[in-house]
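Comments concern the structure below.
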Amino acid sequence: MAAPGHRGSPVAVLAVAAALVVSSCLRPAAAEQGEDKGGEEEAQRQQRYNFRFVRHARDAPLVSHFNYIVVGGGTAGCPLAATLSEHSRVLLLERGGYPYGNRNVSSEYHFADALADTSPRSPAQRFVSEDGVVNARARVLGGGSCLNAGFYTRASGEYVRAAGWDARLVNASYRWVEKELVFRPDVPKWQCALREGLLQAGVTPDNGYTFDHVPGTKIGGTIFDSTGRRHTAADFLRTANPRRLTVFLHATVSQILFRHREGSAKPVAYGVVFTDPMGVQHRVYLRGGGKSEVILAAGTLGSPQLLMLSGVGPRGQLEKHGIRTVMDHPMVGQGVADNPMNSVFVPSPVPVTLSLVQIVGVTRFGSFIEGVSGSQFGIPLHASGVRRRSHTFGMFSPMTGQLGTLPPSERTPEAMRRAADAMRDPIFSYGSHLLIRETWTPVSASHLAMEPSLRISGRCVRRTYSVTAHHGRVRPDVAAFTSTVAAPLPSCRAAAASPCATAASVADSPCATASSVADSPCTTAASILGPLSTGHIELRSTDPRANPAVTFNYFKDPKDVERCVRGIETIERVVRSRAFSRFTYANATAMDAAFDRAKLANFLNLLPRHPRDTRPLQQYCRDTVMTIWHYHGGCHVGPVVDQDYRVIGVEGLRVVDSSTFKYSPGTNPQATVMMLGR
C-alpha cells in the first residue's frame, strides 16, 4: 500500500494558506453568482469523480452476485469498498441518498441544518436514547462524515498498540485518508483566543498543528476546505475501480442470509436481502471462492441491529421478536457508549465569525475541550417566499435536539417545541451568517413602537446585515434582518452579543499519560479509552428502518462525572484568561446591560452561570448532558468479532466500523474509522 504524504507538508501548508488569502479576497466578487451554479458544480463534481457506478436501488436486479457485499456506505464503508474494488467485484449498499447537491451536507455554513432536518429524506435520522438524550445517526452516502463538525485527528500510538494493529499499515492508511480528504483550517481570532486561553489555563504543551493525539493544546485537521465545502468519505469512491464497484442507494438491508456448509458446524453467510423504496425485495449472493464475504459497516446502531435481525444475537431477545436464532451471541449489542458532552455558552461583546471545531485541549485528567464560535448556524425558515433566519445556536439548540438547560428526562417533544419557538424571539437574534456590516443608532420612537422592551433611556439598537454561503461562495440574503440589543449608549459598538459555544467532551482517555488519574484501571500507556459508562442496544421491532432502543447510561461511572467537573472548571479558567478577555464581558453587570441574561439562561447554559443556578457541578454535568455524536460499541473485538473483525461463531461475515470500538479513539473518531475501512 502506498504511503503518500499528507497536507501537513510545508509546501502544502503554503499552498493552502495562499488559497485562503485569495478566497477571502474573491468572496465578495463571487457573491452575486447565486445557488444555481452551485448545483451545477455539484453535478460536475459527480461527473469528475466518475460516479456512474452509483445507482438507485429501484434499478437493481432482483438477483445479483458479487465477491464482497458491504452493508453501509458510511465513514468506514466507502474507503473499504473503494479498497476492495482494486482486486474484486464489490457491491456497496447504502440505505440513504446522495450527499452531493445537498447544501446541508456540503456547506459549512449550513452545518446545523442537516441535524435539524427530521424529514424522511434527511441525511440525519434522529433517535432518542432511553436516557432521554436526543441523538442522530447518518442516513447518507458518506455516513457521519456528512454530518459532523469536520475535526480530524488520529488515534494515539497507545490506542493503536492496544488494538493490536500493524502500526506501519495504520500510518499508511491514515496518510491515504489525509491525502484525499484533509485540510489545514484557517484559524480565526476566536479560535486563536481559545487556543491561548487553553494554554494559559494549563492545558499544555502547545503542540501546534498536528494530527497526533497527545496531551496539550493543538490545531487539528478538517474535512472542510478553504471555501467552506465539506469533503466526505463518499469522495473516496473516486479512487475505486469503476468496473468492479457497484453502489445502490436507498437500499435497506433487512437480513443476512445463512446456511450450513457440509463439513462445518458453523453457519455461513452467503448473501443479503435488501428492499428498495417501492418495497421490492432484492437478493444478492456471494460468488463462490475463499475471498467472498459479507461485511457490515452500518455503524454502532446499524451493525448490531442487523446481526440481531438476521438471527445472530442474544437468544432471549431474538425469540421475543420471533426471530429464528442462527447463533446465540449474548454480547451483540452490549457495551455501547456515547461520549457525553456538556456545553456552555460564552456571549461575546464583539462579533465573531463562523468556526467549527479547530482547536482541542487534551487534558491529562480525561476531558477534551473543544469550541465553536458564531451565531451563524441558522436554520432557514421560509415565509411568503422570502427566506428568514431563526437563531438556533447551531448544534447546541432545540432545533437539532439539544436542550441542555433541562435534565434529559424533561426533554420532551413539547419542551423542544417551546424552546424552538422561544428562540424565534428577537432577543435571540444576536448574529448573522457572516457579519459584514453593522451600524448603531439611538433608540427612536419607531424602534420603541416595535420593541417595547427597549423603553430604556440611553440605549441603542444594533442593526446587522447577513450574508449566506452557498457551495463555497457568499451572497447577500434575500432579505436582511435586523436584530436588536439594548446597550448603554456610550458603549454601543461593544454590545454585539454573538454567542460562542465551548464544549467539554468527557474524555475518551482515562489514562492519557503517566500523570493520569491515580485509580485509573490502566498503565501509563493509555491503552484503555472511554467513557467508562456503557449501555446496550435492543430491538424495538423487526423493521430494519426503525431505530433500535439504545441505552448509554451517561455518567453511571463516577469517574466520568469527575472528569466532566474538571472539564467545566477548565472552561471557566479559559473564559477568565487574559487571552480570552476580548471575547467575554467584563462582568455579569455588563452582560445584563447587553441582553436579558435571565431569559437567555432558560435555553442556554451561560458562563458566568446565572446567580439562581446553585447546583454543584456534579449535578450540573448530569442535568446538562448532551451527545457529541461519538457513540460506539455493540460488536466489540473479543466478545463479538475476532482480531480480524470476523464475527465469532459464523463464517463469511465481518464487522468493520465504530461498533467494534470499546473506547472512542482520540478526541474525534472519524479519522480512525476511515483508516480502519482502508
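Considering only residues in region 67-107 that are touching a Lys or Arg at 6+ places or on another chain (Cβ under 7 Å) and among the charged types (D, E, K, R), the one that is surrounded by the most Cβ atoms within 10 Å (Cβ to Cβ) turns out to be 95. Among the residues of region 584-603, none qualifies, meaning not one is more than 26 Å from residue 357 (Cα to Cα), of a type in the set (S, T, N, Q) and in contact with a Lys or Arg (Cβ under 8 Å, 6 or more places away or on another chain). Filtered by the rule that a residue be in contact with a Gly (Cβ under 8 Å, 6 or more places away or on another chain), at negative phi and not hydrophobic (A, V, I, L, M, F, W, C), region 141-157 gives 144, 145, 152, 153, 154, 156. Among the candidates 301, 307, the residue that is touching a Pro at 6+ places or on another chain (Cβ under 9 Å) and under 28 Å from residue 140 (Cα atoms) is uniquely 301.
Matching residues to (1) β-branched (Val, Ile, Thr); (2) in contact with an Asp or Glu (Cβ under 8 Å, 6 or more places away or on another chain):
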{"residue": "207", "(1), (2)": "no, no"}
{"residue": "224", "(1), (2)": "no, yes"}
{"residue": "251", "(1), (2)": "no, yes"}
{"residue": "268", "(1), (2)": "yes, yes"}
{"residue": "274", "(1), (2)": "no, no"}
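Among the residues making up region 611-656, a single one is among the polar types (S, T, N, Q), without any contact (Cβ under 8 Å) to a residue 40 or more places away in the chain and part of a loop (DSSP other than H, G, I, E, B): 614.
For residue 342, the criteria (1) in a loop (DSSP other than H, G, I, E, B); (2) among the polar types (S, T, N, Q); (3) modelled with pLDDT under 95 hold in every case but one, which is (1).
Just so you know, in region 74-117 the residues that are more than 20 Å from the chain's Cα centre (by Cα) and among the β-branched types (Val, Ile, Thr) include one that is nearest to residue 169 (Cα to Cα), and it is 83.
Exactly one residue among 640, 656, 625 is out of contact with any Gly (no Cβ under 7 Å at 6 or more places or on another chain) and within 30 Å of residue 271 (Cβ to Cβ), and that residue is 640.
Yes or no, residue by residue, for (1) hydrophobic (A, V, I, L, M, F, W, C); (2) surrounded by 15 or more Cβ atoms within 10 Å (Cβ to Cβ); (3) under 24 Å from the mean Cα position of the chain (by Cα):
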| site | (1), (2), (3) |
| --- | --- |
| 575 | yes, yes, no |
| 585 | no, yes, no |
| 617 | yes, yes, no |
| 626 | yes, yes, yes |
| 640 | yes, yes, no |
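Within the span defined as region 158-169, one or more residues are within 21 Å of residue 656 (Cβ to Cβ), among the hydrophobic types (A, V, I, L, M, F, W, C) and not in a helix (DSSP H, G or I).
Within the span defined as region 597-611, every residue fails to be under 22 Å from residue 81 (Cβ atoms) and buried (at least 17 other Cβ atoms within 10 Å of the Cβ). Of the residues that make up region 288-300, is at least one of a type in the set (Ser, Thr, Tyr), at pLDDT 95 or above, buried (at least 24 other Cβ atoms within 10 Å of the Cβ) and in contact with a Gly (Cβ under 7 Å, 6 or more places away or on another chain)? Among the residues of region 288-300, at least one is of a type in the set (Ser, Thr, Tyr), at pLDDT 95 or above, buried (at least 24 other Cβ atoms within 10 Å of the Cβ) and in contact with a Gly (Cβ under 7 Å, 6 or more places away or on another chain), which makes the answer yes.
Of all residues in region 319-350, those that are under 24 Å from residue 150 (Cβ atoms) and either free of Cβ contacts under 8 Å to residues at least 60 places away in the same chain or surrounded by fewer than 21 Cβ atoms within 10 Å (Cβ to Cβ) (or both) total 1. Only strands (runs of 3 or more DSSP E) whose full extent lies in region 180-287 are considered here, and the ones with at least 2 residues that are over 29 Å from the mean Cα position of the chain (by Cα) and either surrounded by fewer than 23 Cβ atoms within 10 Å (Cβ to Cβ) or outside the structural domain of residue 664 (by TED's automatic domain parsing) (or both) are 252-260, 267-275, 281-286.
For region 354-373, a residue qualifies if it is touching a Lys or Arg at 6+ places or on another chain (Cβ under 8 Å) and either assigned to a loop (DSSP other than H, G, I, E, B) or within 30 Å of residue 306 (Cα to Cα) (or both), and the qualifying residues are 363, 365, 366.
If you take the residues in region 301-318 that are surrounded by fewer than 24 Cβ atoms within 10 Å (Cβ to Cβ) and of a type in the set (Gly, Ala, Ser), which one is nearest to residue 542 (Cα to Cα)? That would be 311. If you go through region 288-310 and keep only what is within 13 Å of residue 656 (Cα to Cα) and assigned to a loop (DSSP other than H, G, I, E, B), you end up with 297, 298.
The values are calculated or read from the model by the stated rules, or taken from the named source; none is laboratory data. Fair warning: this is a prediction, and the values are worked out from it, not measured in the lab. All Cβ positions, even for glycine, are placed from backbone atoms using ideal geometry, and neighbour counts span all protein chains on display.
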